[in-house]
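Structure, as structure tokens:
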Amino acid sequence: LPTSTVTVTPNNPVFTGETVNMKCEIKSYSNWRYEWYKGNTNNRVMLQTSDHYTVNGDTLSIVKAISSDQDHYWCKGQRDERPQSSHFSSGYIDVK
């Protein structure tokens with residue numbers, strides 16, 4: 001299966017009030033639909049667009065970061081053709 005990578009902008013640490021962008025990149029295939037999750041491996045919660053999070057395809061934006069945003073974030077790509085999904089990949093945000 002193709003693997004995905006998550007990049008975080010700006011680099012850690014981020015500061016309260018900043019907007020953080022996380023981009024999920026999956027090499028070698030196209031037509032991915034992306035899902036974003038927050039939490040640890042055993043307790044991931046799917047993120048939806050809200051006042052605080054913007055999910056736009058391969059990019060998750062966290063608007064005006066707060067201390068509780070410090071966590072692991074995961075992306076998962078899904079597609080209808082083979083291969084159907086990638087592994088979860090994670091990025092970590094350290095909020096100061």
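The values are calculated or read from the model by the stated rules, or taken from the named source; none is laboratory data. Everything numeric in this text was worked out from a predicted model, so none of it was measured. Cβ placement follows ideal geometry from the backbone for every residue including glycine, while neighbour counts extend to all protein chains displayed. Accessible surface is based on the protein model in full, side chains and every heavy atom, while ligands, DNA and RNA are left aside. Shrake-Rupley method; radii C 1.70, N 1.55, O 1.52, S 1.80 Å.
Worth pointing out:
- In the chain, the portion of solvent-accessible area held by carbon and sulfur atoms comes to 46 percent [1.4 Å probe, whole percent, DNA, RNA and ligands not counted].
- Residues of the chain: accessible area per residue with a 1.4 Å probe, Å²: 59
- Sorting MET22, MET46 by accessible area puts them as MET46, MET22; the probe is 1.4 Å, largest comes first, and only protein heavy atoms count.
- 19 Å Cα-Cα threshold exceeded, pairs from LYS38/LYS76; LYS23/LYS64; LYS27/LYS64: LYS27/LYS64
- Positive minus negative residues near MET46 (Lys, Arg vs Asp, Glu; Cβ under 15 Å): +2
- Separation of alpha-carbon centers, the range 24-96 and the range 9-23, rounded to whole Å: 14
- Note on the range 10-96: Cα-Cα pairs beyond 16 Å make up 52% of the total pair count.
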